[in-house]
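Following: one structure in structure tokens, then a few remarks.
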Amino acid sequence: MNVAIVKYNAGNVYSVVNALRRVGIEPVLTDDAEQLKQADRVLFPGQGEARGAMEYLKARRLDEVIRDLKQPVLGICVGQQLLCKHSEEGDVDCIGIFDAQVKRFSPTRHEDKVPCMGWNVLHDTKSPLMEGIEGSYVYFVHSYYVPLCENTIATADYILPYSASLHKDNFYACQFHPEKSGKAGERIIRNFLEI
């Protein structure tokens, strides 16, 4: 299977490369439009800041390339947020697959720390991506979140319930890091490869 990872100025791609290698896939890391279009699966991971990431993507027209992909695409962490319509982080318009606004966590109690960092449980799971995942713990690191919406396929709770995972058409996304989430994360990666 030909799996491509979108190369752009976002950290964390090598942990995704290694997670794919653990399930027997040797991915290609690329910002080449033709390679992305021809891949069987595309992963869009990210770590960092939304405005800078969108500026990089737009300068290379990768936002248009990603929007037009027809094969299964998986956004991870900032990748999920960039697939939404708009982010409060840097007040930037994003790729717009999901009609959702990315918001910053607002702590309501002293013990509510931002960023949200650590293991959290997934519930209300649906879609083939989340097969066998209900009640599993996965690893999160984020200060921004996607509110619950019609595309939510998994929910997590931190300060409030929010979208831990999204799905629309051929686009899937996880706010958490499946590549750092042990057996549950590996199951999600395998599920994505089998979609």
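The values are calculated or read from the model by the stated rules, or taken from the named source; none is laboratory data. Here the structure is a predicted model, which means the values were calculated and not measured. Here Cβ is always computed from backbone atoms with ideal geometry, including for glycine, and neighbour counts include all displayed protein chains. Remember, those area values only see protein heavy atoms, side chains included, never the ligands or the DNA or RNA. Shrake-Rupley method; radii C 1.70, N 1.55, O 1.52, S 1.80 Å.
This table checks each residue for (1) open to solvent by 10 Å² or more (accessible area, probe 1.4 Å); (2) of a type in the set (Phe, Trp, Tyr).
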{"site": "Tyr14", "(1), (2)": "yes, yes"}
{"site": "Leu20", "(1), (2)": "no, no"}
{"site": "Glu26", "(1), (2)": "yes, no"}
{"site": "Asp40", "(1), (2)": "yes, no"}
{"site": "Phe44", "(1), (2)": "no, yes"}
{"site": "Leu57", "(1), (2)": "no, no"}
{"site": "Arg67", "(1), (2)": "yes, no"}
{"site": "Ile76", "(1), (2)": "no, no"}
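Just to confirm my filter: which strands (runs of 3 or more DSSP E) fall fully inside segment 79-195 and include at least 1 residues that are buried (at least 23 other Cβ atoms within 10 Å of the Cβ) and of a type in the set (A, V, I, L, M, F, W, C)?
Numbers: elements: 84-87, 98-104, 116-121, 137-142, 152-158, 160-168, 171-174.
Counting at least 1 such residues, we get 84-87, 98-104, 137-142, 152-158, 160-168, 171-174.
Just checking, how many residues over segment 50-78 are assigned to a helix (DSSP H, G or I), in contact (Cβ under 8 Å) with a residue 60 or more places away in the chain and of a type outside the set (A, V, I, L, M, F, W, C)?
Taking segment 50-78 as the starting set, the residues that turn out to be assigned to a helix (DSSP H, G or I) are 50-59, 62-67, 78.
Imposing the further condition that a residue be in contact (Cβ under 8 Å) with a residue 60 or more places away in the chain reduces the set to 50, 66, 78.
Next, from what is left, pick out any that are of a type outside the set (A, V, I, L, M, F, W, C): none.
Final tally of qualifying residues: 0.
Condition first: modelled with pLDDT under 95 and of a type in the set (A, V, I, L, M). Can you find one or more residues in segment 102-116 that meet it?
For segment 102-116, residues modelled with pLDDT under 95 and of a type in the set (A, V, I, L, M): present.
Could you run through segment 160-195 and say how many residues are out of contact with any Pro (no Cβ under 7 Å at 6 or more places or on another chain), farther than 23 Å from Tyr144 by Cα and among the hydrophobic types (A, V, I, L, M, F, W, C)?
1
I want to confirm something. Restricting to segment 1-47 and keeping residues that are of a type in the set (D, E, K, R) and in a loop (DSSP other than H, G, I, E, B), which single residue is nearest to the chain's Cα centre (by Cα)?
Here is the first cut: in segment 1-47, the ones of a type in the set (D, E, K, R) are 7, 21-22, 26, 31-32, 34, 37, 40-41.
Filter once more, so that each one left must be in a loop (DSSP other than H, G, I, E, B): 7, 26, 31-32, 40.
Details: Lys7: 14, Glu26: 20, Asp31: 17, Asp32: 20, Asp40: 18 Å.
Here the answer is Lys7.
Being out of contact with any Ser or Thr (no Cβ under 8 Å at 6 or more places or on another chain), more than 23 Å from Val92 (Cα to Cα) and open to solvent by less than 70 Å² (accessible area, probe 1.4 Å) is the filter here, so list the residues in segment 1-12 that pass it. It would help to see each step written out before you state the result.
So in segment 1-12, the residues out of contact with any Ser or Thr (no Cβ under 8 Å at 6 or more places or on another chain) come out as 1-3, 8-12.
After this cut, where a residue has to be more than 23 Å from Val92 (Cα to Cα) as well, the list is 1-3.
Across segment 1-12, the qualifying residues are Asn2, Val3.
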